[in-house]
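The values are calculated or read from the model by the stated rules, or taken from the named source; none is laboratory data. Everything numeric in this text was worked out from a predicted model, so none of it was measured. Positions of Cβ are backbone-derived with ideal geometry, glycine not excepted, and every protein chain shown enters the neighbour counts. Ligands, DNA and RNA are excluded from the accessible area calculation, which covers all protein heavy atoms including side chains. Shrake-Rupley method; radii C 1.70, N 1.55, O 1.52, S 1.80 Å.
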Amino acid sequence: MTHGKRFWSYEQVHEIVRKAVMEESYFEDWRPTLIICIAAGGFVPTRILRSFMKAEYGCNIPIQTIGLQLYDLEGRDPATSPVERIQWLSYGTGPGQVQLQGHRILLVDEVDDSRKTLAHAVSELEQDIEAERLQQKQSNPGQHWQAPELGVFVLHNKLRPKLAELPSYIMNARYWAFDIDNCWCVYPWDAMHIYDHTQTAEAIGLTGCRPHKHERRQSSGCPPPLQQQQLEEQDCTTAPGEAAAAANGHVAANGCILINGLAADGHC
């Protein structure tokens with residue numbers, strides 16, 4: 001069941017990422033060597049995340065971008081519509097290209113709603129990893145294969161039935177998020193009037209935003225650069241001001257806003 005809209009400010013997004021790295025130590029035991037941003041919702045969280053990772057661990061993590069589409073076309077039902085690939089990685093050793101071998105790859109998006117987008121991205125990357133392994137086996141039979149590892153970070157994981165699943169190796173140890181109730185999330189990069197949006201978001205604060213918990217791995221430290229490829233630097237308590245939220249609707253106990261008593265549909 002959905003319980004209305006939930007507004008998030010840039011400041012709150014920044015604070016959630018800070019908490020993930022600096023307080024919850026999400027990546028203390030598994031430090032990425034490559035970030036893959038899922039466009040377009042993952043752009044801002046990815047850039048903020050990279051800054052905190054550099055400050056905390058001293059690692060300059062390269063960023064690559066993929067584009068997937070599920071919700072952008074009017075009239076599409078996300079429950080039955082396929083995920084479409086809009087943009088993907090360019091593989092190789094040339095400028096702007098990437099090799100997956102040996103990397104700890106962190107997929108970043110803003111929200112895990114239906115889970116279809118994340119599941120599609122992981123499935124496609126797993127296929128690409130296998131293709132890269134077979135290609136190396138054929139071209140360099142004696143060369144040791146360094147298997148990549150995949151992980152996922154999202155700002156928010158909606159507590160709702162999912163339409164797709166992620167592999168257990170991710171969900172059991174390398175899935176990082178903050179759990180929230182099933183609201184329609186309105187992020188600041190979607191706002192048309194940013195000051196009103198921010199005021200509404202700050203009136204709610206980070207209420208109901210809870211760290212996702214799973215078993216932790218043993219620390220393996222900040223990995224050294226790969227031999228095959230150098231890692232180059234690429235450039236929740238209610239807050240004051242509830243009147244702003246009340247102007248848009250009723251603030252529920254979970255921090256979501258009920259617009260005229262009506263529930264909104266899901267998000268991406």
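Structure data summary
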read-out: Selection status of Arg133, charged (D, E, K, R), over 30 Å from Asp181 (Cα atoms), at pLDDT 95 or above and surrounded by 13 or more Cβ atoms within 10 Å (Cβ to Cβ); value: yes
read-out: Test for Ser90: is it among the small types (Gly, Ala, Ser) and modelled with pLDDT under 95; value: no
read-out: Condition met for Tyr175 (among the hydroxyl-bearing types (Ser, Thr, Tyr), closer than 21 Å to Pro211 by Cα and out of contact with any Gly (no Cβ under 8 Å at 6 or more places or on another chain)); value: no
read-out: So Arg76, is it among the basic types (Lys, Arg) and modelled with pLDDT under 95; value: yes
read-out: Residues (under 16 Å from Asp109 (Cβ atoms) and either in contact with a His (Cβ under 9 Å, 6 or more places away or on another chain) or assigned to a loop (DSSP other than H, G, I, E, B) (or both)) located in segment 166-183; value: Leu166, Met171, Arg174, Tyr175, Trp176, Ala177, Phe178, Asp179, Ile180
read-out: Hey, Trp145 aromatic (Phe, Trp, Tyr) and farther than 27 Å from Gly205 by Cβ or not; value: yes
read-out: Qualifying position, being over 24 Å from Thr46 (Cα atoms), more than 16 Å from the chain's Cα centre (by Cα) and of a type in the set (Ser, Thr, Tyr), among Ser139, Ser168; value: Ser139
read-out: Options Ala243, Ala247, Ala173; residue that is aliphatic (A, V, I, L, M) and either modelled with pLDDT of 95 or more or in contact with a strand residue (DSSP E or B) (Cβ under 9 Å, 6 or more places away or on another chain) (or both); value: Ala173
read-out: Filter result for Leu68 (under 18 Å from the mean Cα position of the chain (by Cα) and surrounded by 17 or more Cβ atoms within 10 Å (Cβ to Cβ)); value: yes
read-out: Residue match in segment 48-59 (condition: within 12 Å of the chain's Cα centre (by Cα), open to solvent by less than 10 Å² (accessible area, probe 1.4 Å) and at negative phi); value: yes
read-out: Condition met for Pro148 (closer than 19 Å to Leu100 by Cβ and modelled with pLDDT of 95 or more); value: yes
read-out: Inter-residue pairs, beta-carbon under 9 Å, first over 15 Å from Ile66 (Cα atoms) and in segment 122-151, second of a type outside the set (Ser, Thr, Tyr) and loosely packed, with under 11 Cβ neighbours inside 10 Å, 6+ apart; value: Ile129/Ala147; Arg133/Ala147; Gln146/Gln227
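Yes/no matrix, rows are residues, columns are (1) touching a strand residue (DSSP E or B) at 6+ places or on another chain (Cβ under 8 Å); (2) modelled with pLDDT of 95 or more:
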{"position": "Ile180", "(1), (2)": "yes, yes"}
{"position": "Cys183", "(1), (2)": "yes, no"}
{"position": "Pro188", "(1), (2)": "no, yes"}
{"position": "Asp196", "(1), (2)": "no, yes"}
{"position": "Gln199", "(1), (2)": "no, yes"}
{"position": "Gly205", "(1), (2)": "no, no"}
{"position": "Glu215", "(1), (2)": "no, no"}
{"position": "Ser219", "(1), (2)": "no, no"}
